[in-house]
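Report on one structure; see the data block that follows.
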Amino acid sequence: WHFFCCRVAGGKVNDKKKLRTKKESEEYENNKQYYADVARRSLRDIVLCNLPYGKPRFITLTYAFPQFSNEKAKNDLKLFIKRLRYHLEELKHNPKFRYIAVPEQHDSEETNNDRRYSYHFHIILFDLPYLSTTFYAEVWYHGFIKVNIVKGSAFRTASYLTKYLSKS
C-alpha cells in the first residue's frame, strides 16, 4: 500500500481505500502510469504549499528488525508523530507541525532476504525548530533514523522530495 499523511491548512488527508470492481481494476492496471504521474504532481503541489512554513526536515525511519505488518507500521508511524508532538510541547515548541509521510517496502535485489518487503518511512516535517538526530532517534526507538535539512529553491526542493518520496 501507499499512503501519505499530512496536515494542510488544517485539513487531513487519510488513507482509506475504495474497493474497486473488476472493470475498474482492469482500467486501473491499464492506466497505472497515468495515476502514478497524477499522484506525483499532487504530492509536489502539497510540498510546494507547505514550503513557506520553514525549512523542511527530511527523515527516514527504519526498523532495526524487519517489520512486515502494514497495520503495525501504520500504528508505529502514528505513535511516532504523537510522541514527537508531545515532546515538542514539553520543550515549549509549537506541536502543530505539518508533515508528509510515505511508507516504502524494501524491494530490491540488493536487499537482504530477511529484510526484503520490510517497511520503512520517508517523512518531511515542516515548521520545526532544530532538533538533533538523537532527539528523533529517542522518539522513534524502533531502529535507525536519518535526518537531512533540505536546501535550495522551493521548486527544486519540491521536485527532489517528490522524486524521492514517489520512487517506489
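The values are calculated or read from the model by the stated rules, or taken from the named source; none is laboratory data. Worth saying up front: this structure is predicted, and the values here are computed from it rather than measured. Ideal geometry is used to build each Cβ from the backbone, glycine not excepted, and the neighbour counts take in all protein chains shown. Side chains included, ligands, DNA and RNA excluded: accessible areas come from the protein's heavy atoms. Shrake-Rupley method; radii C 1.70, N 1.55, O 1.52, S 1.80 Å.
Before moving on, here are some points about what is shown:
- Pairs, first free of Cβ contacts under 8 Å to residues at least 24 places away in the same chain in the stretch 82-107, second in a helix (DSSP H, G or I) and open to solvent by less than 30 Å² (accessible area, probe 1.4 Å), C-beta under 6 Å, six or more apart: Pro95/Leu88
- Among residues of the stretch 45-80, those that are farther than 21 Å from His120 by Cα and among the charged types (D, E, K, R), counted: 2
- If you go through the stretch 8-63 and keep only what is within 30 Å of Ser132 (Cα to Cα), open to solvent by 90 Å² or more (accessible area, probe 1.4 Å) and modelled with pLDDT of 70 or more, you end up with Pro52, Lys55.
- Number of positions in the stretch 73-100 that are surrounded by 13 or more Cβ atoms within 10 Å (Cβ to Cβ), assigned to a helix (DSSP H, G or I) and among the basic types (Lys, Arg): 3
- Only one of the numbered conditions (1) in a strand (DSSP E or B); (2) at pLDDT 85 or above; (3) within 23 Å of Ala158 (Cβ to Cβ) is violated by Leu131, and that is (1).
- As a summary of the residue check, Asp107 satisfies the conditions (1) assigned to a loop (DSSP other than H, G, I, E, B); (2) open to solvent by less than 40 Å² (accessible area, probe 1.4 Å); (3) at pLDDT below 85 except for the one numbered (2).
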